[in-house]
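Working notes, beginning with the structure itself.
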Amino acid sequence: IVPQNPYDLAQVDIMDSRQAPGSLSSGGKYTHWLGTDGAGRDLVSAMLYGLRISLAVGVMSGIIAMALGSAIGLVAAYVGGRVESIIMRIVDLQLSFPAILVALLINGIAQTLFKGRLGGSEFWILVLSIGLSFWVQYARTVRGMTLVEKNKEYVQAARLIGLGKTAIMFKHVLPNVLSPVLVIGTINLALAVITEATLSFLGVGLP
């Protein structure tokens, strides 16, 4: 839907530089709705090209954080005991650090371990580092909801008919705790985009 590929020099005309919003391109082919920059690149096109990376990072890291945090919170609450105590202490420890600091730490470790061997995997390292910095919120929320749900009648009925713990957790309890998880997911999508922009500004993200 973009009128121009800002990375294709054949489509960029220096005569279009610093055009005002609403100006026609030099050939009259399309309108620069937000004007152009000093090189003649259409700003709407540049924003949409950049938006692809931001949305991809936000969505992918959100899916990783949601899946990991929901599974860990579910297991912690349903199993209980020492497993729950260990998991929740890890969650409390990570919550004491800002998400951007955790993302920087994970990104730095990955960059150090795979220095010179990344081969274009910087995108996935960024997605993983942001995803691993946001999973704790899902874990705490799902744990709290599961502690309520696991004592309800439908869970007791599932135990009586002989269903295993894994089946009860993921087929019966998880669908009933997803509502607040989806709300957190929509908020964290925006936070992930902001985190990606911050990491890129600091020089450890994507250009």
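Out of segment 185-207, which residues are open to solvent by less than 60 Å² (accessible area, probe 1.4 Å) and without any contact (Cβ under 8 Å) to a residue 60 or more places away in the chain?
Ser200
Within segment 119-148, track down each residue that is of a type in the set (Gly, Ala, Ser) and modelled with pLDDT of 90 or more.
Hits for segment 119-148 are Ser129, Gly131, Ser133, Ala139, Gly144.
Please state which of the following conditions Ile100 fails to meet, knowing it meets all the rest: (1) open to solvent by 60 Å² or more (accessible area, probe 1.4 Å); (2) β-branched (Val, Ile, Thr); (3) closer than 29 Å to Pro180 by Cβ.
(1)
Got at least one residue in segment 29-42 being surrounded by fewer than 15 Cβ atoms within 10 Å (Cβ to Cβ), aromatic (Phe, Trp, Tyr) and either part of a loop (DSSP other than H, G, I, E, B) or modelled with pLDDT under 90 (or both)?
Yes, because at least one residue in segment 29-42 is surrounded by fewer than 15 Cβ atoms within 10 Å (Cβ to Cβ), aromatic (Phe, Trp, Tyr) and either part of a loop (DSSP other than H, G, I, E, B) or modelled with pLDDT under 90 (or both).
Can you pull out every residue in segment 153-182 that is surrounded by 11 or more Cβ atoms within 10 Å (Cβ to Cβ) and within 30 Å of Gly108 (Cα to Cα)?
Residue satisfying the conditions is Val181 alone.
Counting only residues that are open to solvent by less than 60 Å² (accessible area, probe 1.4 Å) and more than 26 Å from the chain's Cα centre (by Cα), which one in segment 66-84 is nearest to Leu189 (Cα to Cα)?
It comes out as Tyr78.
Scan segment 127-165 for residues that are more than 29 Å from the chain's Cα centre (by Cα), in a helix (DSSP H, G or I) and among the polar types (S, T, N, Q) and jot them down.
Correct list: Gln156 only.
Could you tell me whether Gly116 is farther than 14 Å from Gly205 by Cβ and either more than 23 Å from the chain's Cα centre (by Cα) or modelled with pLDDT under 90 (or both)?
Details: farther than 14 Å from Gly205 by Cβ: yes; either more than 23 Å from the chain's Cα centre (by Cα) or modelled with pLDDT under 90 (or both): yes.
Criteria met by Gly116.
Consider only pairs whose beta carbons are under 6 Å apart and that are at least six residues apart or on different chains; among these, list those whose first residue lies in segment 1-12 and is under 9 Å from Ser45 (Cα atoms) and whose second residue is hydrophobic (A, V, I, L, M, F, W, C) and not in a loop (DSSP other than H, G, I, E, B).
What qualifies is Val2/Leu48; Pro6/Ala46.
Yes or no: Val44 within 24 Å of Leu199 (Cα to Cα), in contact (Cβ under 8 Å) with a residue 12 or more places away in the chain and among the aliphatic types (A, V, I, L, M)?
yes
The values are calculated or read from the model by the stated rules, or taken from the named source; none is laboratory data. Please read all numbers here as calculations on a predicted model, not as lab measurements. Note that we place each Cβ from the backbone using ideal geometry, even for glycine, and neighbour counts take in every protein chain shown. Protein only, heavy atoms only, side chains kept; ligands, DNA and RNA dropped before computing areas. Shrake-Rupley method; radii C 1.70, N 1.55, O 1.52, S 1.80 Å.
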